Each structure stands twice: as structure tokens, then as C-alpha cells.
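Participant: Pasting in a structure now, in C-alpha cells, and then I'll have a few things to ask.
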């Protein structure tokens with residue numbers, strides 16, 4: 001197996017090196033479970049390299065920081081001055097080659113050329129890449145370049161590695177292109193491996209986190225998630241309150257002396273008014289902190305999520321420092337990361353890039369690979385997913401992420417004014433979501449009448465049907481049934497029954513099953529397993545257990561997991577007896593009869609199903625034992641406790657529950673779900689919906 005090394009480099013700062021590297025790394029993790037990220041040269045070894053720190057944290061790379069760099073600029077400059085440039089390349093080669101046995105692919109990131117002294121020439125990144133026999137990925141900064149100059153620069157850059165050093169350029173990225181020129185440049189490009197990305201102002205704007213880091217602020221109020229707010233502008237509060245608040249714009253960072261209680265209180269009050277924009281934060285200057293009574297008042301405000309920080313410098317000095325502050329993408333900058341990945345996915349042909357890489361077959365599936373697969377597959381055909389719980393902040397934050405990454409189109413249910421107000425309060429943008437208010441929608445009456453016709457034979461009255469549609473889950477479910485949405489995700493603030501009941505009444509089960517069941521994707525270190533049923537059916541009979549097995553196998557295959565079914569019991573083979581064992585024996589028989597193409601073993605104990613060593617002792621002639629991928633638990637008590645035990649004890653990521661057996665996809669969330677859980681479930685729902693198109 002040949003090891004691939006990629007070398008990404010930009011000629012100047014501000015080209016988007018980290019953004020492009022982020023997109024490349026995200027693409028690679030779909031195919032390579034073990035990725036190393038290395039910067040052969042960093043700016044200063046006395047300080048942690050920010051790009052290395054980002055990659056190591058965000059992608060949870062299993063590599064020590066010390067192995068992620070070789071030299072700093074001072075070292076390189078000194079060696080070149082001593083005419084020892086060859087030593088630089090030899091050391092870098094030895095360092096990278098030493099990593100090859102532990103990693104599937106190595107991504108090297110060059111340092112911007114304007115960080116070096118004049119003694120270091122332009123081609124040092126090219127020479128390092130050549131010595132590593134790396135595939136080269138240059139990045140051009142198109143900002144402030146007209147189309148003629150850009151074409152000239154592109155011709156020079158894209159051919160230089162091959163013509164001078166005999167290397168291969170994998171792809172060339174032209175970043176920060178004027179949006180008005182983008183379509184023309186793409187239409188006239190001379191190579192399909194030239195990728196143009198538009199200038200996106202938000203990526204160049206700082207966040208409150210950047211302010212805190214740059215100015216070494218003391219935090220007076222705010223939570224970590226609030227520090228991710230993007231700063232759209234700054235306002236210095238030197239006027240009286242009545243004049244100042246008229247000049248506040250959306251996303252402003254307010255700079256004010258810490259003893260201006262009037263400005264502080266007035267600015268906070270404006271956050272609770274629908275007639276004023278929402279600021280990003282407040283910086284109090286001069287080392288002055290408000291009276292403790294005022295701070296106590298602020299801490300007691302409900303849902304006040306605006307950061308307030310303090311600095312020792314005066315207002316003028318603080319404002320000047322902010323003007324020079326660089327914008328960064330940090331590991332927890334969810335909004336910027338989602339935006340960057342969305343841009344990359346939209347404007348870059350990742351399949352073309354992957355086709356140029358050395359193909360490496362692997363049965364390994366890490367959690368990162370699985371999550372990337374979900375995002376990638378969902379985005380190939382964007383489906384309309386309705387989210388009825390728009391009052392929940394997690395739902396709105398997840399909505400922004402999937403919209404920015406262009407994974408799905410989102411429909412939010414609720415009052416438009418309230419949704420927009422809450423989104424502004426959270427500092428997020430959901431403007432590209434469709435918002436429908438079931439209380440005023442033209443669809444509502446038709447939905448009520450349709451539901452009444454469906455259920456009147458079971459005693460439902462028209463008035464009861466109208467009452468049911470006071471709940472967003474009924475409206476969302478009917479949207480899916482009527483084709484006005486492709487899938488629904490609910491459960492962040494409601495019970496599982498609240499999500500499933502409308503689905504059973506309106507969407508109903510597929511003809512081949514009699515029950516709705518659920519499964520979890522259990523993302524282990526190097527594989528993804530399917531557990532079922534861990535959320536819905538308490539004590540399934542043999543027929544129902546067989547249906548759960550067959551449906552779970554279909555779900556596994558739908559998401560790229562080869563189904564090898566283990567029908568779990570406290571007995572393996574014929575080693576035990578009793579009604580519980582006989583239930584699994586009968587369920588296994590039914591499954592084999594109804595789906596003879598499936599690979600299945602049962603009854604079997606968990607250890608024999610997953611551990612090849614144990615399997616050789618208990619079932620030596622089984623093709624499934626020791627290699628199972630779909631685990632069917634005999635009852636809810638066993639399944640629910642097992643998935644939670646494995647989740648906690650093995651640090652597994654549990655994605656689900658994923659509902660199975662419905663005619664159209666509706667999926668349930670845990671009320672304790674995270675934003676990442678919602679994003680993954682939305683992607684899963686979209687993939688399920690694609691099957692119905």
C-alpha cells in the first residue's frame with residue numbers, strides 16, 4: 001500500500017490556507033481512518049502553532065504536537081545562512097517518513113512565504129514538497145486581483161511545481177474570488193482541477209473569542225457558546241444613551257468605559273426590544289468594572305446571552321487594537337466551520353480530487369468517517385426536512401449548521417417573528433430556512449380535513465382533529481405525508497410517543513412490517529455497529545423480533561454497513577434452554593425464512609458475536625460469530641441498557657434512535673440531544689428520504 005503525502009501551500013497570508021486545509025482534511029477522513037497533519041516549518045517554536053492546534057483538536061488527531069512540526073523560521077533561516085539547506089530537507093524527509101508506518105495519509109501544510117526573511121526564496125515550499133514526493137496543492141489569493149492578473153498568476157503557479165521540480169499538482173485553489181467574476185472564471189477555467197471559491201466576508205470577521213484572546217480580556221458575563229458570535233462592526237459609545245442606541249447595528253461590538261452604567265444598562269435593555277438590533281458583545285475599557293449591584297442584576301436576567309468582557313486599556317487604545325485584530329477559525333467556531341465546509345462542498349469537486357489519490361481499500365469505519373459519509377450523501381440530493389421544535393435553541397443552532405453546509409433545506413414551524421428574534425438573540429443566521437406558522441398557514445385547514453378523513457372511522461371528530469394540529473408534530477408529519485416535506489425530525493422537547501404517534505396515525509408502516517422499530521448507529525473507534533431495538537418495542541414476540549432484524553439489516557445496508565446479524569440471547573447455539581432462548585430461536589428461523597439472503601446467527605451471546613477469539617471457541621464454524629455488525633436485542637430492557645453502557649464505557653458515539661418501518665422518514669431525538677446529534681439525525685433522515693424519491 002503506497003502512502004500518499006499531500007502538501008498544501010499559499011504564497012501569502014490571508015489566502016485561506018486553514019480553510020482549504022479544513023476542507024481537504026474533512027474530505028480525506030471519509031476514506032482514511034488514520035491521518036497525520038504536519039507543518040514542516042512553523043513561525044516560532046516558542047509559541048503553539050495555531051493551525052496545528054486547530055487540526056489536532058477539531059479532528060481529534062492521534063498524534064503528539066511535537067510530531068506535527070520540524071523547524072521554525074529562525075531555524076530555517078539560520079541553516080540557509082550557513083549553507084546547510086540540504087540538511088533542512090533531509091530532516092523533514094526523515095520526520096515525515098517516520099510517520100508513514102503509523103498513518104494512512106499525511107497532510108503537510110506549508111508556511112506562508114511572507115513569514116520568512118528575505119534570505120528564504122519563494123520556492124522553499126516547492127522544494128520541500130518535491131523532496132517528500134508529495135502531491136502539491138497551491139492556493140492563490142484572488143482578493144484585489146482583476147481577471148487578467150489572476151489568469152497570469154494562475155498560469156505561473158499551477159505549472160511551476162511540475163516544470164521546475166517534476167512533481168504533480170493535485171489541485172489548485174483560487175480563493176477569495178470576487179463573486180461577480182466567479183461564474184465567468186469557472187466557465188473559462190483551463191483545468192477541471194482548478195477550483196474557484198468566492199470571497200465570503202464572514203470568514204474574515206473576528207468573533208468574540210478572538211477579542212478575548214487578542215486583548216486578554218477578563219470575562220464578566222457569558223458562556224463559551226456565546227463567545228462564538230461573529231462581530232460585524234464596532235461602535236464606541238461616547239454619546240449619551242438616547243443618541244448612541246440609534247447608531248447600534250446588528251452584530252456590533254460595543255466599546256465603552258466601564259463606568260458608563262447608563263450605556264451598559266441601555267444597551268442591555270435594547271436586547272429585549274424587537275425594535276433594536278442584537279449586538280455581539282460589550283467591551284468595558286479602562287480597567288473599570290460596574291458596581292457589583294449592576295453585575296448582580298445582569299446575572300439575574302433571563303436568557304441574556306451577550307458576552308461582557310473587561311480590559312485594562314483605555315477606549316482609544318482598545319479600538320485601535322481591535323482594528324488590527326486578525327480573524328481566526330477556531331476548533332469551536334461552529335458557525336465559521338459550517339460556512340467554510342459549505343463553501344468547499346459547493347465549489348470543489350471532491351470526487352475528482354479523490355480519484356487522483358492512491359486508492360486504498362479499507363474495512364475500517366471511524367466515527368469521523370461515518371459522520372462525513374452522512375453529510376456527503378445527504379448533500380448530494382438536498383431534501384426538505386421539517387423541524388417542528390423551533391423554540392429550542394439547539395434546533396436553531398443545528399439548522400444554521402446544516403444550511404451553511406448545504407446538507408438539507410430546512411422548514412421550521414413556528415411564528416416567524418419569534419424564530420427570527422431568537423436566532424438574532426443567539427447570534428446565528430437561519431434566514432435561508434423556510435418558516436411556516438401552523439396557526440396561520442393556508443395548509444392547515446386542508447391538513448385537518450385530511451387527518452379527519454383518515455381517522456374518522458376510528459371515532460375521530462373534526463374538532464379533535466383540529467385540537468391535534470395544535471401540536472407541531474402533527475403538522476410536520478402531515479407535511480411529510482402530503483409531500484410538502486421529505487422528512488421530519490422531532491423529540492428535542494417532546495417525548496418519543498409524541499413523535500411516533502402522529503407518524504403511526506398518518507404515515508403508517510410499510511406493507512412488509514407490522515411495527516415501527518428503532519436502531520442506533522454505535523460508532524466505535526474503528527467500526528460502526530447497529531443496535532436494535534433500543535428505544536421502542538418493550539417485549540417483541542418472535543415475529544416482531546424477526547421484523548426488527550430484517551428492517552435493521554436494511555438500515556445497515558442503506559448506510560454502507562454490510563449486515564451480519566446476531567440474534568442475541570444469554571445462550572449461544574444450543575448451550576441453553578428456556579422460553580427466552582426459544583423466542584430467539586423462533587425469531588431466527590422466521591428471519592431466515594422471510595429473508596434467506598441475509599447472513600444471520602442466533603441465538604448467540606454478545607461476546608461470541610463480536611469477539612473472534614471467543615467465537616472460535618463457542619461457534620467455530622459460524623461465518624457471523626466474531627464479525628457481527630447488526631445486534632438484535634431480545635427486549636427493550638436489554639437493548640436500552642446495553643447501548644448506554646457501551647456508549648459510556650467504550651466512549652462510543654451513539655447516533656439515533658433511527659426509526660424504521662415507516663412509509664416516509666420521521667426520526668426521534670432524545671430530549672438530552674446535543675447540536676451534533678440533531679445535525680446527524682437530520683442527515684440520516686435526508687438519506688432515508690432520498691430512497692423514496
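Participant: Based on this model, can you work out whether residue 301 counts as farther than 22 Å from residue 210 by Cβ and in a loop (DSSP other than H, G, I, E, B)? Let's see the steps before the verdict.
Facilitator: Details: farther than 22 Å from residue 210 by Cβ: yes; in a loop (DSSP other than H, G, I, E, B): yes.
Taking the combined requirement at face value, the residue satisfies it.
Participant: Now for a different question. With the structure loaded, tell me whether residue 368 is under 17 Å from residue 687 (Cα atoms) and out of contact with any helix residue (DSSP H, G or I) (no Cβ under 7 Å at 6 or more places or on another chain) or whether it fails that test. Outline the logic, then answer.
Facilitator: Working: under 17 Å from residue 687 (Cα atoms): no; out of contact with any helix residue (DSSP H, G or I) (no Cβ under 7 Å at 6 or more places or on another chain): yes.
No, not satisfied.
Participant: How many residues, within the stretch 65-83, are touching a residue at least 24 places away in the same chain (Cβ under 8 Å), in a helix (DSSP H, G or I) and under 17 Å from residue 94 (Cβ atoms)?
Facilitator: Keep residues of the stretch 65-83 that are touching a residue at least 24 places away in the same chain (Cβ under 8 Å), which gives 67-77, 80-81.
If we keep only those that are in a helix (DSSP H, G or I) as well, we get 67-68, 73-77, 80-81.
Subset that is under 17 Å from residue 94 (Cβ atoms): 67-68, 75-76.
Residues in the stretch 65-83 being touching a residue at least 24 places away in the same chain (Cβ under 8 Å), in a helix (DSSP H, G or I) and under 17 Å from residue 94 (Cβ atoms): 4 in total.
Participant: Name the one entry in 515, 565, 550 that is touching a helix residue (DSSP H, G or I) at 6+ places or on another chain (Cβ under 7 Å) and in a helix (DSSP H, G or I).
Facilitator: 550
This table checks each residue for (1) part of a helix (DSSP H, G or I); (2) more than 24 Å from the chain's Cα centre (by Cα).
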| site | (1), (2) |
| --- | --- |
| 174 | no, yes |
| 185 | yes, yes |
| 190 | no, yes |
| 196 | no, no |
| 214 | yes, yes |
| 220 | no, yes |
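Participant: Go through the stretch 571-602 and count every residue that is in a strand (DSSP E or B) and either modelled with pLDDT under 90 or farther than 24 Å from residue 528 by Cβ (or both). Walk me through it before giving the result.
Facilitator: We begin by selecting, within the stretch 571-602, every residue in a strand (DSSP E or B); these are 599-602.
Still in the running and either modelled with pLDDT under 90 or farther than 24 Å from residue 528 by Cβ (or both): 602.
Of the residues in that region, 1 qualify.
Participant: Next up: Working only within the stretch 222-233, note down all residues that are farther than 10 Å from residue 307 by Cα and part of a loop (DSSP other than H, G, I, E, B).
Facilitator: Within the stretch 222-233, 231, 232 meet the criteria.
Participant: If you take the residues in the stretch 658-678 that are within 14 Å of residue 490 (Cβ to Cβ) and out of contact with any helix residue (DSSP H, G or I) (no Cβ under 8 Å at 6 or more places or on another chain), which one is surrounded by the most Cβ atoms within 10 Å (Cβ to Cβ)?
Facilitator: 677
Participant: For residue 143, are the conditions met, namely being assigned by TED's automatic domain parsing to the domain that holds residue 21 and over 21 Å from residue 39 (Cα atoms)?
Facilitator: Taking the combined requirement at face value, the residue satisfies it.
Participant: To continue, here is another question. Could you pull out the residue among 7, 37, 32 that is part of a loop (DSSP other than H, G, I, E, B) and either touching a strand residue (DSSP E or B) at 6+ places or on another chain (Cβ under 9 Å) or under 25 Å from residue 525 (Cβ atoms) (or both)?
Facilitator: Working: 7 fails: part of a loop (DSSP other than H, G, I, E, B); 37 fails: part of a loop (DSSP other than H, G, I, E, B).
Exactly one residue qualifies, and that residue is 32.
Participant: Quick check: is even one residue across the stretch 23-33 out of contact with any helix residue (DSSP H, G or I) (no Cβ under 9 Å at 6 or more places or on another chain) and assigned by TED's automatic domain parsing to the domain that holds residue 177?
Facilitator: Of all residues in the stretch 23-33, those out of contact with any helix residue (DSSP H, G or I) (no Cβ under 9 Å at 6 or more places or on another chain) come to none.
No, that holds for no residue.
Participant: Which is at pLDDT below 95, touching a strand residue (DSSP E or B) at 6+ places or on another chain (Cβ under 9 Å) and either part of a helix (DSSP H, G or I) or crowded, with 21+ Cβ neighbours inside 10 Å (or both), of 645, 625, 654?
Facilitator: Residue meeting the stated conditions: 625.
Participant: Is it fair to say residue 231 is more than 24 Å from residue 419 (Cα to Cα), touching a residue at least 40 places away in the same chain (Cβ under 8 Å) and either touching a helix residue (DSSP H, G or I) at 6+ places or on another chain (Cβ under 6 Å) or not assigned by TED's automatic domain parsing to the domain that holds residue 417 (or both)?
Facilitator: On the way: more than 24 Å from residue 419 (Cα to Cα): no; touching a residue at least 40 places away in the same chain (Cβ under 8 Å): yes; either touching a helix residue (DSSP H, G or I) at 6+ places or on another chain (Cβ under 6 Å) or not assigned by TED's automatic domain parsing to the domain that holds residue 417 (or both): yes.
Taking the combined requirement at face value, the residue does not satisfy it.
Participant: Also: Quick one: in the stretch 380-427, of everything that is touching a strand residue (DSSP E or B) at 6+ places or on another chain (Cβ under 7 Å) and part of a helix (DSSP H, G or I), which residue is surrounded by the fewest Cβ atoms within 10 Å (Cβ to Cβ)?
Facilitator: 416
Participant: Going by the conditions given, is residue 331 surrounded by fewer than 21 Cβ atoms within 10 Å (Cβ to Cβ) and touching a helix residue (DSSP H, G or I) at 6+ places or on another chain (Cβ under 6 Å)?
Facilitator: Yes; evaluated as a whole, the condition is true for this residue.
Participant: Here's a follow-up. With the condition kept exactly as written, say whether any residue in the stretch 241-250 is closer than 21 Å to residue 321 by Cα and either surrounded by fewer than 16 Cβ atoms within 10 Å (Cβ to Cβ) or out of contact with any helix residue (DSSP H, G or I) (no Cβ under 7 Å at 6 or more places or on another chain) (or both).
Facilitator: yes
Participant: For residue 81, indicate whether it is modelled with pLDDT of 85 or more, assigned by TED's automatic domain parsing to the domain that holds residue 166 and under 18 Å from residue 8 (Cα atoms).
Facilitator: When the stated conditions are applied, residue 81 does not pass them.
Participant: Tell me, please, whether a residue that is in a strand (DSSP E or B) and either more than 23 Å from residue 513 (Cα to Cα) or outside the structural domain of residue 392 (by TED's automatic domain parsing) (or both) can be found in the stretch 673-682.
Facilitator: No, because not a single residue in the stretch 673-682 is in a strand (DSSP E or B) and either more than 23 Å from residue 513 (Cα to Cα) or outside the structural domain of residue 392 (by TED's automatic domain parsing) (or both).
Participant: Can you name the condition, by its number, that residue 609 falls short on among (1) surrounded by fewer than 24 Cβ atoms within 10 Å (Cβ to Cβ); (2) touching a strand residue (DSSP E or B) at 6+ places or on another chain (Cβ under 7 Å)?
Facilitator: (1)
Participant: Give 58, 37 a once-over and let me know the one that is surrounded by 17 or more Cβ atoms within 10 Å (Cβ to Cβ), in contact with a helix residue (DSSP H, G or I) (Cβ under 6 Å, 6 or more places away or on another chain) and at pLDDT 90 or above.
Facilitator: 37
The values are calculated or read from the model by the stated rules, or taken from the named source; none is laboratory data. Quantities reported herein were computed from a predicted structural model and do not represent experimental measurements. Don't worry about glycine lacking a Cβ; one is built from the backbone with ideal geometry, like all the others, and counts go over all protein chains shown.
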